[in-house]
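Nothing in this text is a laboratory measurement; each read-out follows from the coordinates by a stated rule. Remember, it's a predicted structure, so these values are computed and weren't measured experimentally. Here the Cβ is made from the backbone with ideal geometry for all residues, glycine too, and neighbour counts use every protein chain on show.
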Amino acid sequence: MRVEVDRDRCEGNAVCVGIAPALFDLDEDDYAVVKLDPVPADQEDLAEQSIAECPRAALLRRD
Ligand code: SF4
């Protein structure tokens, strides 16, 4: 799987970074970035949790 960040929606609150710090980081402008593309199998559950819990619905699954 792959995860995309919708920068029009992301507000940089780092919820995704808290859930999956190996997968997400914030860039210098406080937008989330995906560090592992595609998402490794052992990170997929955390990726799904991040997608579900992002308060701005800014994370999109791309298979
Ligand atoms: S949880 Fe959502 S809004 Fe917050 S930094 Fe991550 S992608 Fe952006």
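Only DSSP H runs of four or more residues enter the estimate; each adds -39500 (n - 2.57), and after division by the residues of the chain the mean residue ellipticity at 222 nm equals -6000 deg cm²/dmol. Taking square-rooted eigenvalues a ≥ b ≥ c of the alpha carbon gyration tensor, is region 20-63 rounded, prolate or oblate, where a/c under 1.5 means rounded and, failing that, a/b exceeding b/c means prolate? It is oblate, given that a/c is not under 1.5 and a/b is not larger than b/c.
Taken one residue at a time, the phi angles of region 48-63 give Karplus couplings (6.51, -1.76, 1.60, θ = phi - 60°) of 4, 5, 5, 4, 5, 9, 4, x, 10, 6, 9, 9, 10, 7, 10, 7 Hz. Gly and Pro are set to x. With both labels modelled 7 Å from their Cα along Cα-to-Cβ, the Asp37 to Arg61 distance reads 1.9 nm.
In this structure, Gln49 and Glu28 have a Cβ-Cβ separation that, at R0 = 35 Å, corresponds to a calculated FRET efficiency of about 0.85. Here the chain is scanned for GluC sites (Glu not before Pro) in DSSP loops (not H, G, I, E, B) that have at most 16 other Cβ atoms within 10 Å, and the longest stretch holding none of them is 29-63. Magnitude of the charge dipole for the chain, about its Cα centre and with charges confined to Cβ atoms of Lys, Arg (+1) and Asp, Glu (-1), is about 140 debye.
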